[in-house]
1. Can you sort Lys92, Lys31 from fewest to most other Cβ atoms within 10 Å of each residue's own Cβ?
2. Treat region 1-64 as a sphere of radius equal to its Kirkwood radius over Cα pairs and apply Stokes-Einstein at 20 °C in a medium of 1.002 mPa s; give the translational diffusion coefficient in µm²/s, rounded to a whole number.
3. Hey, what number do you get for the chain at 222 nm if only DSSP H runs of n ≥ 4 count, each worth -39500 (n - 2.57), divided across all residues, to the nearest 500?
4. Pull out the extension gain between Tyr49 and Val16, defined as 0.36 nm times the separation in residues minus the alpha carbon to alpha carbon distance; nm, one decimal.
5. I want the local charge near Leu21. Using Cβ-Cβ distances under 14 Å, sum +1 for each Lys or Arg and -1 for each Asp or Glu among the other residues.
6. Please rank Ile13, Ile98, Ile38, Ile48, fewest neighbouring Cβ atoms within 10 Å first, as an exposure proxy.
7. Using Cβ contacts closer than 10 Å as the measure, can you line up Leu28, Leu95 from fewest to most?
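Quick note: the coordinates plus some simple rules give every number you see, no bench work behind them. Just so we're clear, the structure is a prediction, and the values are computed from it rather than from any experiment. Virtual Cβ from ideal backbone geometry, glycine too; neighbours counted across all protein chains shown.
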Amino acid sequence: MNSGGGVKTHRDIYDVVSIILEGEVETLGKKATPYDVIFYATGKPHSIYNRGNNAAREVAFEFHTNKVSLIIRIPYLLSYYFHKLIKLKFWKSKLKKILRF
């Protein structure tokens with residue numbers, strides 16, 4: 001991740017664990033440095049930005065669920081994708097990617 005770069009606030013439909021390998025990032029309102037481990041729970045909003053002067057690197061692990069857990073999360077999934085459908089900005093970016101091919 002380049003200096004000043006990052007990922008905007010979003011929600012995932014699975015748990016994520018990130019380990020910072022190099023650089024200094026800001027996430028969940030706190031600074032994280034090499035060897036810090038960050039946990040992002042399913043459905044919780046989060047973002048990550050490189051606030052340092054040098055490039056930052058991380059490795060992220062996604063923990064997808066089994067079918068039983070997925071069934072329990074169906075209401076959340078429906079809400080998540082419904083909001084994606086109604087976001088014009090989301091579809092505009094997808095359409096631009098498709099038209100580039």
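1. Details: Lys92 9, Lys31 12.
Lowest count first: Lys92, Lys31.
2. On the way: Rh = 11.6 Å.
Approximately 184 µm²/s, per Stokes-Einstein.
3. Working: 3 runs with 31 residues, N = 101.
So the calculated ellipticity at 222 nm is -9000 deg cm²/dmol.
4. Values: separation 33, 0.36 × 33 = 11.88 nm, distance 1.61 nm.
Roughly 10.3 nm would be gained on extension.
5. Working: positive: Arg57; negative: Glu22, Glu24, Asp36, Glu58.
With Lys, Arg at +1 and Asp, Glu at -1, the neighbours total -3.
6. Working: Ile13 15, Ile98 8, Ile38 18, Ile48 23.
With the sparsest Cβ surroundings first, the list reads Ile98, Ile13, Ile38, Ile48.
7. Numbers: Leu28 13, Leu95 10.
So the ranking, lowest neighbour count to highest, is Leu95, Leu28.
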